[in-house]
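Have a look at the structure below before the remarks.
The values are calculated or read from the model by the stated rules, or taken from the named source; none is laboratory data. These numbers come from a predicted model, not from an experiment. All Cβ positions, even for glycine, are placed from backbone atoms using ideal geometry, and neighbour counts span all protein chains on display.
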C-alpha cells in the first residue's frame, strides 16, 4: 500500500505496525510524529506530534472491544470495532495512549 503524506503531515517514516485489518500506526521524524492511518481512506485519523526526538518504534497492546468500553460509560466510541493501546519510543522515552 502506498501512503501519501497528509497535507500538513509530511514526515520521514521509520516504523509501522498494523493495529487491525483497517488501521495501522506509523512514526517518524522531521517533524517528530506518530500517525494512525485508515487503510481504506489512506488518511490519518489521529496525529500526535511535537516530540523532542523522532519516533523509531511502535507497537500495539491489548485490544479493548466496544462492548467493554460501553460498560465504562465512555461518551464517544469510534467506528473501529476494536480499540488498542499504542506504545511507541521517541528518543529515550516510551509513550503510550488509548483511543477514545
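Does residue 36 meet the test of being modelled with pLDDT under 85 and under 19 Å from residue 16 (Cβ atoms)?
Working: modelled with pLDDT under 85: no; under 19 Å from residue 16 (Cβ atoms): yes.
No; evaluated as a whole, the condition is false for this residue.
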For the stretch 71-88, state whether one or more residues are exposed (fewer than 13 other Cβ atoms within 10 Å of the Cβ), modelled with pLDDT under 85 and outside any loop (DSSP other than H, G, I, E, B).
-> yes
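Among the candidates 94, 45, single out the residue that is part of a strand (DSSP E or B) and modelled with pLDDT under 85. Lay out the reasoning, then the answer.
On the way: 94 fails: modelled with pLDDT under 85.
Exactly one residue qualifies, and that residue is 45.
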